[in-house]
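The values are calculated or read from the model by the stated rules, or taken from the named source; none is laboratory data. For clarity, every value in this text was computed on a predicted model and none was experimentally measured. Using ideal geometry, Cβ is built from the backbone for each residue, glycine included, and neighbour counts are taken over all protein chains shown.
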């Protein structure tokens, strides 16, 4: 059976001016349609690098990344990225033009069709009032919602989110997490989500991949995360267990 | 189990009881609003300078060295009336536009080359390092030998004054486009020229616009200076020649009228053309305060 996303023994290395750094070492995992798959780990575990490799910005030195059976070779609109940085929106375009842009250049939709679709998704993220505003007039949370709408409107095979809420204030972050879940209930897209927050991973994900740092290796995979309830303390319990797994390493040389 | 207590407060009720209303928005007065307008403030400065000129020239009372503003304006109107000044200005502007646009096209080609190949980058950097500090007017004597007295020499010099400033700014602008925006562009499957046109150029537009403005100013100065040096080409002088000619005739108010025309054209281009582009682009996009 082919998985929606198959990361198969992937080793990623990148160069700095003085050295060659191994970001991930033979990492494997599979994502199925409709998954909210979270890559979780401390800084230096290569989770963002891994996401960029799935995005096609890096080529694995070892192993292969396949999306619906096709090997990932370069960036493409079948894998839409949502970045952490607020400057991911094009400031010379309005909100609706930002969402329309990939629809017309990558999907080759006609203008009317692209605009209709863009406005529908902008409504989903509750930004109808700001559809014709330029992006510099929006708050950080609103910008991230536009980026999510832009990604979703493309109806990609998978949505790749690189710590999209990390630069937001705590209240807005909570709100955005709920909104993302609501959107998921609505359209059941597949998302690969990178975060360093255990609480966020538990709230967002139905599956979590725990990565250990230097170099990034798979430590554990947590499934059926969405079955734990936040009310009776199960989520807090899970959070503690994941924390212990990540930080109370029996092998001290791999701890940061 | 202990619980935190929450007490609700009726904010509007409290205010009403005190008989006050919170002021959320206060309109500014007309004078205050006018003073906040940069155009109003700058006009005021120009008026003050004009009055100072007039007063000083009247005290000096020597039209051979420093004519009054009113005299200058009178000459200006006369010379515009007999058509001399306008034809001279038009001659200058024609040459200027030609040189400017040739410079822009070359700058565009050079920066395209510079962002696509490494050797192109090296070429651009070496050339700008050499030619940017060299005042274009210094090339004029050489240009006169190569191309003779005429428009070709002027255009050659103008291209030099525009090309390096624009290429340098455009290239710097391209280099400063954020990594995230580049990744977004590639995510949209944009490559080659489409990527440059749809991502890099708009993202670097503030720098490109600065380059265009600097290039324009350089070209304008270079042209007037060049015209002062060799004047008439095919019986048609420009503004620089107008200034030079009238100095030789000791018609100083006409010299001032010529200088004023140079200033006015510069101001009009800066304030109407570039300001409008700026308003419609980088300011509207929030890419510049």
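Just a few scattered comments:
Yes or no, residue by residue, for (1) surrounded by fewer than 19 Cβ atoms within 10 Å (Cβ to Cβ); (2) at pLDDT below 90; (3) under 21 Å from the mean Cα position of the chain (by Cα); (4) over 22 Å from residue B:173 (Cβ atoms):
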residue	(1), (2), (3), (4)
B:68	no, no, no, yes
B:99	no, no, yes, yes
B:102	yes, no, yes, no
B:106	yes, no, yes, no
B:119	yes, no, no, no
B:127	yes, no, no, no
B:134	yes, yes, yes, yes
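- The range B:259-282 residues that are farther than 26 Å from residue B:66 by Cβ, paired with ones that are not in a helix (DSSP H, G or I) (beta carbon under 7 Å, 6 or more apart): B:282/B:288
Here's the yes/no breakdown for (1) free of Cβ contacts under 8 Å to residues at least 12 places away in the same chain; (2) out of contact with any helix residue (DSSP H, G or I) (no Cβ under 6 Å at 6 or more places or on another chain); (3) buried (at least 18 other Cβ atoms within 10 Å of the Cβ):
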residue: A:154; (1), (2), (3): no, no, yes
residue: A:163; (1), (2), (3): no, yes, yes
residue: A:181; (1), (2), (3): no, yes, no
residue: A:190; (1), (2), (3): no, yes, yes
residue: A:195; (1), (2), (3): no, no, yes
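- Check on residue B:105, over 30 Å from residue B:259 (Cβ atoms) and within 14 Å of chain A (Cβ to nearest Cβ): no
- Residue, nearest to residue A:88 (Cα to Cα), within the range A:120-138, restricted to residues that are part of a loop (DSSP other than H, G, I, E, B) and within 13 Å of chain B (Cβ to nearest Cβ): A:138
- Considering the range A:67-85, and only residues there that are surrounded by fewer than 20 Cβ atoms within 10 Å (Cβ to Cβ) and more than 9 Å from chain B (Cβ to nearest Cβ), the residue that is nearest to residue A:134 (Cα to Cα) turns out to be A:78.
- The range A:27-47 - residue that is outside any strand (DSSP E or B) and buried (at least 19 other Cβ atoms within 10 Å of the Cβ) and, of those, farthest from the chain's Cα centre (by Cα): A:45
- If the condition is being without any contact (Cβ under 8 Å) to a residue 24 or more places away in the chain, surrounded by 12 or more Cβ atoms within 10 Å (Cβ to Cβ) and farther than 19 Å from residue B:248 by Cβ, then the range B:78-96 contributes B:80, B:86, B:90, B:94.
- Odd one out for residue B:227, checked against (1) crowded, with 21+ Cβ neighbours inside 10 Å; (2) farther than 20 Å from residue B:101 by Cβ: (2)
For every residue, the table says whether it meets (1) crowded, with 19+ Cβ neighbours inside 10 Å; (2) touching a residue at least 40 places away in the same chain (Cβ under 8 Å).
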{"position": "B:182", "(1), (2)": "no, no"}
{"position": "B:205", "(1), (2)": "yes, yes"}
{"position": "B:212", "(1), (2)": "yes, yes"}
{"position": "B:218", "(1), (2)": "yes, yes"}
{"position": "B:222", "(1), (2)": "yes, yes"}
{"position": "B:236", "(1), (2)": "no, yes"}
{"position": "B:239", "(1), (2)": "yes, yes"}
{"position": "B:242", "(1), (2)": "yes, yes"}
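- Options A:90, A:58: the member that is assigned to a loop (DSSP other than H, G, I, E, B), without any contact (Cβ under 8 Å) to a residue 60 or more places away in the chain, within 14 Å of another protein chain (Cβ to nearest Cβ) and in contact with a strand residue (DSSP E or B) (Cβ under 8 Å, 6 or more places away or on another chain): A:58
- Residues that are farther than 19 Å from residue B:100 by Cα, in contact (Cβ under 8 Å) with a residue 60 or more places away in the chain and buried (at least 22 other Cβ atoms within 10 Å of the Cβ) do occur in the range B:194-201, at least one of them.
- Only a single criterion out of (1) away from chain B (no Cβ under 14 Å); (2) in a helix (DSSP H, G or I); (3) at pLDDT 90 or above; (4) in contact with a helix residue (DSSP H, G or I) (Cβ under 8 Å, 6 or more places away or on another chain) is not satisfied by residue A:141, namely (3).
- Applying the criterion of at least 3 residues that are closer than 30 Å to residue B:116 by Cα to the helices (runs of 4 or more DSSP H) found wholly in the range B:169-253 leaves B:179-187, B:192-195, B:205-230.
- Once the range B:263-289 is narrowed to residues that are within 14 Å of chain A (Cβ to nearest Cβ) and surrounded by fewer than 12 Cβ atoms within 10 Å (Cβ to Cβ), the residue that is farthest from residue B:223 (Cα to Cα) is B:289.
- Scanning the range A:95-113 for residues that are more than 9 Å from chain B (Cβ to nearest Cβ) and under 24 Å from the mean Cα position of the chain (by Cα) gives A:95, A:96, A:97, A:98, A:99, A:100, A:103, A:104, A:107.
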